[in-house]
Structures are given as C-alpha cells and as structure tokens.
Amino acid sequence: MYELKNVTKRYTRGNDTVHALDGIDLTIGDGDRLVIQGPTGGGKSTLLQMLGGLDRPTDGEVVLDGTDLAKLSEARLTKVRSENIGFVFQSFNLIPTLTAQENVETALVPLGIKAKERRELAAEALKSVGLGERLSHLPSEMSGGQQQRVAIARALVKRPKVLLADEPTGNLDEGMRDEIMDVLERLWKEHGLTFIMVTHDSAIAKKAPRLATIRKGRITVRENAGA
Ligand SMILES: Nc1ncnc2c1ncn2[C@@H]1O[C@H](COP(=O)(O)OP(=O)(O)OP(=O)(O)O)[C@@H](O)[C@H]1O
Ligand SMILES: [Mg+2]
C-alpha cells in the first residue's frame with residue numbers, strides 16, 4: 001500500500017522553478033488499479049517516478065508498505081525497485097542488441113537468479129503475454145505491440161507487487177492498444193498487482209474504477225462506482 005503525504009517536486013533551472021508536484025496526498029491500496037490522466041506537463045510522469053523510487057521528492061513522504069522511499073539510501077532504494085516494482089514505458093525501452101528472452105532476463109539479474117532459471121522464467125513470462133514463439137527475436141524483428149509485450153513480460157517476470165505504466169499504449173495504433181490493455185488487465189488480475197497507469201486515452205479513463213487527474217502538480221481523485 002502506498003501512502004503519499006504532501007509530495008512536492010520542484011525543478012530549478014537558473015532563476016526558474018517548476019513546481020512539477022505541489023503537495024500530493026494519495027493512498028493506493030494493495031491490488032488497486034489507478035488511472036492517471038491530465039494535460040501535458042501536469043506532473044504525471046513525475047508522480048510515477050516518485051512512486052517507483054526513480055527519483056525523490058523535494059518534500060513529503062512516499063511510503064510503500066511502511067517504508068518512506070524518500071528517505072532510503074540509494075542502495076536500499078535500488079533493491080526495493082528491483083524486487084517490488086515493474087515499469088512499462090511508452091517507448092518500450094528494450095535493449096536493441098538483446099533477444100526478447102534476454103531482454104526479459106535483465107530484470108532477474110539484480111535478484112541473483114542463476115542463468116538457467118532466468119532463461120526458464122523469461123520464457124514463461126513471454127508465453128504469458130503470447131510471445132512463446134518469439135523468444136529469440138530482436139526488438140527490430142517485432143511489431144510495436146509485440147515489443148510492448150516483451151516490456152510487460154520484463155516488468156512482471158520478477159513478480160513485483162506494483163506495476164507502473166507511463167502511457168503504455170501511446171505509441172500504438174488502436175488495434176494494438178486494445179490488445180495491450182487486455183494483456184495488462186488480465187495480468188493485473190492474475191498477479192494481484194497494484195497497477196498505476198498514466199494514459200491520455202479517454203476511453204480507458206472512462207472505464208477506470210478510480211481516476212486521478214493531475215493538473216499543475218495538483219491531484220484530484222474520482223471514484224467511479226459504475227466502472
Ligand atoms: N528533469 C526535469 N528538469 C526540469 N523540469 C522538469 C524535469 N522533469 C519534468 N520537468 C517539468 O515538470 C513538469 C511536469 O513534467 P511531467 O513530465 O511530470 O509531465 P507529464 O504530466 O508527464 O506530461 P506529458 O503528458 O507531456 O508526459 C513539466 O513542467 C516539466 O517541464
Ligand atoms: Mg509524461
């Protein structure tokens with residue numbers, strides 16, 4: 001469970017200060033699914049970076065299961081991240097010289113899992129996203145939707161508690177978009193994930209059970225009982 005208190009992020013460049021996040025209070029329960037939308041530059045990606053321990057707030061607390069990520073040492077933060085948090089980005093972020101299987105395996109290296117087991121777990125994760133026949137393909141040999149499936153397998157192969165997705169369907173056409181959303185939804189249920197997703201897609205936002213809007217670093221949350 002996440003408990004965010006007064007999370008503030010300021011970026012200073014010269015005399016210019018950007019208030020990317022301006023006092024965010026937010027609770028996200030285990031197994032919840034939260035969709036985040038809002039105008040460009042509003043602070044969505046910045047919030048995901050705080051949730052994922054990729055960056056630290058200027059002020060405030062980002063408490064995950066009783067631990068304030070803002071106060072952890074870099075080494076402990078890296079450990080929390082590699083064990084508990086999976087990321088999926090708009091631009092896939094696969095390593096171009098590695099096969100699908102090798103890309104997925106990279107998530108298991110920091111966990112000290114042996115090569116043979118890594119290969120097996122990676123193959124299993126790729127099967128679960130429908131890519132069992134593509135293990136030895138390079139990213140350049142796959143469609144955008146397939147590359148995003150590899151990225152999803154990489155995020156989930158370590159069985160994290162939390163999945164953070166920043167516009168995961170932003171680079172995909174409509175058909176692929178629906179496919180990827182179906183995969184994410186199925187895995188969220190199967191793995192009991194806490195799933196937090198940024199999207200510009202109003203169709204997805206409309207169906208979200210819990211929808212956060214971030215504007216100018218401030219958040220509003222709406223529960224959608226009908227969704
Ligand atoms: N590293 C940085 N240095 C300085 N300013 C930054 C940095 N990262 C983000 N910002 C600023 O913080 C604000 C919030 O950025 P953020 O990337 O979180 O927006 P966003 O809601 O994800 O937008 P988009 O929908 O375009 O992805 C913006 O004004 C941005 O310019
Ligand atoms: Mg963004």
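On the beta carbon distance between residue 140 and residue 223, with R0 = 41 Å, the FRET formula returns roughly 0.45.
Between 63, 18, 129, the GNM of the chain built on Cα springs shorter than 10 angstrom shows 18 fluctuating the most.
For the chain, the mean projected area of the C-alpha convex hull, equal to one quarter of the hull surface, is 12.9 nm². What the Cα convex hull of segment 1-87 gives, in volume per residue, is 105 Å³. Here the chain carries DSSP beta bridges of which approximately 60% are antiparallel, counting only pairs with both residues inside.
Eigenvalues of the alpha-carbon gyration tensor of segment 150-227, scaled by 5 and square-rooted, set the equivalent ellipsoid semi-axes at 21, 16, 13 angstrom, largest first.
Label zone of residue 109 (point 7 Å out along Cα→Cβ, amide N under 16 Å): in segment 60-80 this covers 79. Projecting the Cα positions of 176, 192, 204 onto the charge dipole of segment 156-227 (unit charges on Cβ atoms of Lys, Arg, Asp and Glu, taken about the Cα centre) puts 192 furthest along the positive direction. The number of Lys pairs in the chain with C-alpha atoms less than 15 Å apart, excluding pairs fewer than 8 positions apart on the same chain, is 12.
For segment 154-221, the solvent-accessible area works out to 46 Å² per residue, with a probe of 1.4 Å and every protein chain left in place. Shape of segment 74-114 from the C-alpha gyration tensor: oblate (a/c of 1.5 or more and a/b not above b/c, with a ≥ b ≥ c the square roots of its eigenvalues). Helix 144-156 axis versus longest C-alpha principal axis of the chain: approximately 80°, rounded to the nearest ten.
Between 0 and 90 degrees, rounded to the nearest ten: what's the tilt of helix 115-128 against the longest Cα principal axis of the chain? In the chain, helix 115-128 runs at an angle near 80 degrees to the longest axis.
Normalised by residue count, segment 93-227 yields a Cα convex hull volume of 127 Å³ per residue.
Over segment 82-136, Cα pairs under 8 Å with separation of 6+ residues give a relative contact order of 37 percent. Compute the helix-to-body angle for 74-84: its Cα long axis versus the longest principal axis of the chain, expressed 0 to 90° and rounded to tens. Compared with the principal axis, the helix lies near 60 degrees. If all Cα-Cα distances of segment 23-153 are sorted into 5 Å bins from 0 onward, what percent lands in each bin, rounded to whole numbers? Reading upward from the zero bin: 2, 9, 17, 18, 17, 16, 13, 7, 2, 0.
The values are calculated or read from the model by the stated rules, or taken from the named source; none is laboratory data. A quick note: this is a predicted structure, and the numbers were derived from the prediction, not measured. Neighbour counts run over all protein chains shown; Cβ positions are idealised from the backbone, glycine included. What goes into the accessible areas is simple: the full protein's heavy atoms, side chains included, and nothing from ligands, DNA or RNA. Shrake-Rupley method; radii C 1.70, N 1.55, O 1.52, S 1.80 Å.
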